[in-house]
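The values are calculated or read from the model by the stated rules, or taken from the named source; none is laboratory data. Small disclaimer: the values here were computed from a predicted structure and weren't measured. Here the Cβ positions follow ideal geometry from the backbone for every residue, glycine too, while neighbour counts run over all protein chains shown. The protein model used for the area step is the full one, side chains on, heavy atoms only, and it has no ligands, DNA or RNA in it. Shrake-Rupley method; radii C 1.70, N 1.55, O 1.52, S 1.80 Å.
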Amino acid sequence: VVESRAPLRCTHFDAFRFYTADAMPLNSKELTREDQMELEQPGCVHATMDLFKLAMKLAPFIESSLVADCFDLARQARVIDIRASPYDSTPYHAPDAEDEVRR
């Protein structure tokens, strides 16, 4: 399925490191932790999901409403991530983003 889509252009190291060995060379760049700050795109859905992880770590020191807002934002970002993935997400009731663009 991955080969049938446009070239992969992931710039988030923490997502890239979970690629299979066969999929890594299909990405437009070989990513490392060292070049993460240089290559990461502002507004990356994976970085957005990381906000919730950081909010949970800071939960004893911040308002619970901020943690809840970060969770809601991370959930929305995850839906976008699943829909934009090179896999068929329709079994999970999430149409591919590509399908929506065609409408």
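Which residues, taken from region 53-72, are surrounded by 12 or more Cβ atoms within 10 Å (Cβ to Cβ) and under 21 Å from Ser85 (Cα atoms)? Selection gives Phe71 alone. For the structure I just gave you, tell me whether Met37 is open to solvent by 90 Å² or more (accessible area, probe 1.4 Å), touching a Cys at 6+ places or on another chain (Cβ under 9 Å) and not charged (D, E, K, R). It is false that Met37 is open to solvent by 90 Å² or more (accessible area, probe 1.4 Å), touching a Cys at 6+ places or on another chain (Cβ under 9 Å) and not charged (D, E, K, R). Within region 1-22, can you find the residues that are small (Gly, Ala, Ser), at pLDDT below 80 and open to solvent by less than 90 Å² (accessible area, probe 1.4 Å)? If the condition is that a residue be small (Gly, Ala, Ser), at pLDDT below 80 and open to solvent by less than 90 Å² (accessible area, probe 1.4 Å), then Ala6, Ala15 are the ones that fit.
Assigned to a helix (DSSP H, G or I) and at pLDDT 90 or above - does that describe any residue in region 76-90? The answer is yes; a qualifying residue exists.
With respect to being open to solvent by 60 Å² or more (accessible area, probe 1.4 Å) and either under 22 Å from Ala74 (Cβ atoms) or without any contact (Cβ under 8 Å) to a residue 12 or more places away in the chain (or both), Lys29 falls outside the description.
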